[in-house]
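Read through the structure below, which is laid out as structure tokens, and then see the notes.
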Amino acid sequence: METQENKSALSEINGINQPDSVSRVVANNILQFRRKQPSAKELVLAIANGDKIALSRAITLIESTNISHLEKANEVIQGCLPYANKSVRMGITGVPGVGKSTFIEAFGKHLTSLGKKVAVLAVDPSSSISHGSILGDKTRMEELVKDENAFIRPSASGDSLGGVARKTREAIILCEACGFDTIIIETVGVGQSETAVHSMVDFFLLLKIAGAGDELQGIKRGIMEMADTIVINKADGDNIAKAKLAKSEFNRALHLFPAKKSGWIPKVTTCSAVYGDGIDTVWKIISDYFEMVKTNSYFQAKRQDQNQFWMMETINEQLKSNFYNHPEIVLLLESNKKAVQNNEVSPFAAAQILLETFFKK
């Protein structure tokens with residue numbers, strides 16, 4: 001037995017235990033609530049009644065890669081369809097550091113002040129090494145996140161090209177069913193193809209900055225052709241003159257591109273998201289665009305084309321999922337990978353073996 005003389009100096013005298021900071025009863029109730037999974041019909045009903053918690057849970061469900069969740073996710077999406085397609089959808093892209101989150105917060109606050117209900121689907125880049133994502137958009141949009149008429153949902157891009165999460169298209173439908181009349185999609189903006197986001201929105205906005213070598217770098221045919229409006233952000237302080245110069249340069253560049261099918265002539269404007277300057281002008285341009293495309297029927301025609309495109313994308317995605325989850329493929333894939341690495345079989349022959357096995361099931 002340890003005596004007072006040889007007692008370790010690191011030992012502690014028993015004191016008073018600290019009380020629980022959270023009631024165990026309350027904690028248990030919360031845990032039980034989280035374990036209880038609502039049915040698809042319950043989720044749809046709650047979403048239709050404007051329940052943001054149900055909306056978040058439903059988006060988590062459709063983003064799940066667990067194949068056992070697919071049937072329920074499809075049931076939720078199908079149930080929400082009658083309440084959807086009553087919004088305007090906008091995509092916002094730009095290089096990292098251009099101020100996308102700051103702009104979206106200022107723009108979103110302006111829209112909610114006009115009585116709009118705004119849903120922001122922000123896509124954060126995923127690490128190619130750890131496959132993790134920070135998902136920090138809610139932190140950056142601290143004012144908008146507290147707005148009752150706003151909803152912000154960050155999602156990881158995963159391995160999706162174009163900076164769009166795999167299930168962003170379905171998330172749009174859920175947000176519309178929840179009563180949000182303005183949907184904003186923020187892309188990663190890392191220079192990858194932006195075709196994916198362009199194919200799911202009605203209006204495509206490109207954010208640029210001046211004075212950072214961005215003018216010539218930004219004049220690239222693909223992204224410029226997709227943009228319906230170019231907004232030069234951070235037009236404040238000493239950067240105002242540079243922003244005006246960049247505006248002139250982009251206006252000249254836009255004349256080199258062919259006319260859009262919508263008949264719309266892309267506009268270039270400047271703003272300062274930090275100070276809120278020019279945000280109302282951006283919304284005026286967007287409003288003019290929607291008034292024009294709804295009048296000439298382009299708006300509805302584009303939506304119909306997008307629906308067909310996403311049907312084909314969904315088929316591709318489902319075939320890919322079924323392929324990699326097929327039991328025989330799971331067994332054969334590793335052995336074929338090793339055979340390809342050891343040059344025992346060509347990559348093309350190995351792929352053909354796997355595909356033939358899958359389609360013979």
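The values are calculated or read from the model by the stated rules, or taken from the named source; none is laboratory data. Values in this document were obtained by computation on a predicted structure and should not be read as measured data. Glycine also receives a Cβ, built like all others from the backbone with ideal geometry; neighbour counts cover every protein chain displayed.
Please state which one of T60, T102 is of a type in the set (V, I, T) and either crowded, with 21+ Cβ neighbours inside 10 Å or assigned by TED's automatic domain parsing to the domain that holds V197 (or both).
On the way: T60 fails: either crowded, with 21+ Cβ neighbours inside 10 Å or assigned by TED's automatic domain parsing to the domain that holds V197 (or both).
Step by step, each of T60, T102 is checked, and only T102 is of a type in the set (V, I, T) and either crowded, with 21+ Cβ neighbours inside 10 Å or assigned by TED's automatic domain parsing to the domain that holds V197 (or both).
If I go through the range 278-304 residue by residue, how many of them are more than 21 Å from the chain's Cα centre (by Cα) and either closer than 30 Å to I67 by Cα or aliphatic (A, V, I, L, M) (or both)?
Summing the residues that are more than 21 Å from the chain's Cα centre (by Cα) and either closer than 30 Å to I67 by Cα or aliphatic (A, V, I, L, M) (or both) in the range 278-304 gives 7.
Restricted to the range 226-253, and to residues that are assigned to a helix (DSSP H, G or I), among the small types (G, A, S) and in contact (Cβ under 8 Å) with a residue 12 or more places away in the chain, which residue is surrounded by the fewest Cβ atoms within 10 Å (Cβ to Cβ)?
It comes out as A253.
So is N336 touching a residue at least 40 places away in the same chain (Cβ under 8 Å) and surrounded by 11 or more Cβ atoms within 10 Å (Cβ to Cβ) or not? If you could, list the steps in order and put the result at the bottom.
Working: touching a residue at least 40 places away in the same chain (Cβ under 8 Å): no; surrounded by 11 or more Cβ atoms within 10 Å (Cβ to Cβ): yes.
No: the conditions fail for N336.
Looking at (1) free of Cβ contacts under 8 Å to residues at least 40 places away in the same chain; (2) closer than 30 Å to H110 by Cα, which is the one condition that is false for G278?
It is condition (1) that G278 fails.
Condition first: loosely packed, with under 15 Cβ neighbours inside 10 Å, touching an Asp or Glu at 6+ places or on another chain (Cβ under 7 Å) and not hydrophobic (A, V, I, L, M, F, W, C). Now tell me which residues in the range 257-310 satisfy that.
Answer for the range 257-310, where residues must be loosely packed, with under 15 Cβ neighbours inside 10 Å, touching an Asp or Glu at 6+ places or on another chain (Cβ under 7 Å) and not hydrophobic (A, V, I, L, M, F, W, C): just Y275.
Can you find even one residue in the range 254-271 that is assigned to a helix (DSSP H, G or I) and at pLDDT below 95?
For the range 254-271, residues assigned to a helix (DSSP H, G or I) and at pLDDT below 95: present.
Would you confirm, using the coordinates I've provided, whether H131 is surrounded by fewer than 20 Cβ atoms within 10 Å (Cβ to Cβ) and at pLDDT 90 or above? It would help to see each step written out before you state the result.
Working: surrounded by fewer than 20 Cβ atoms within 10 Å (Cβ to Cβ): yes; at pLDDT 90 or above: no.
So H131 does not fit the description; no.
Within the range 60-80, which residues are closer than 11 Å to V44 by Cβ and either in contact with a Lys or Arg (Cβ under 6 Å, 6 or more places away or on another chain) or of a type in the set (D, E) (or both)?
E75
Hey, could you check the range 50-105 for residues that are assigned to a loop (DSSP other than H, G, I, E, B) and touching a strand residue (DSSP E or B) at 6+ places or on another chain (Cβ under 7 Å) and say which is farthest from N233 (Cα to Cα)?
Kept after step one, since they are assigned to a loop (DSSP other than H, G, I, E, B), are these residues of the range 50-105: 50-51, 64-66, 84-87, 94-99.
Going one step further and asking which of them are touching a strand residue (DSSP E or B) at 6+ places or on another chain (Cβ under 7 Å), we end up with 87, 94, 98-99.
Values: S87: 26, G94: 10, V98: 7, G99: 7 Å.
If we take residues in the range 50-105 being assigned to a loop (DSSP other than H, G, I, E, B) and touching a strand residue (DSSP E or B) at 6+ places or on another chain (Cβ under 7 Å), then S87 is farthest from N233 (Cα to Cα).
Which numbered condition trips up D214, out of (1) closer than 23 Å to R57 by Cα; (2) at pLDDT below 90; (3) not aliphatic (A, V, I, L, M)?
The one condition D214 does not meet is (1).
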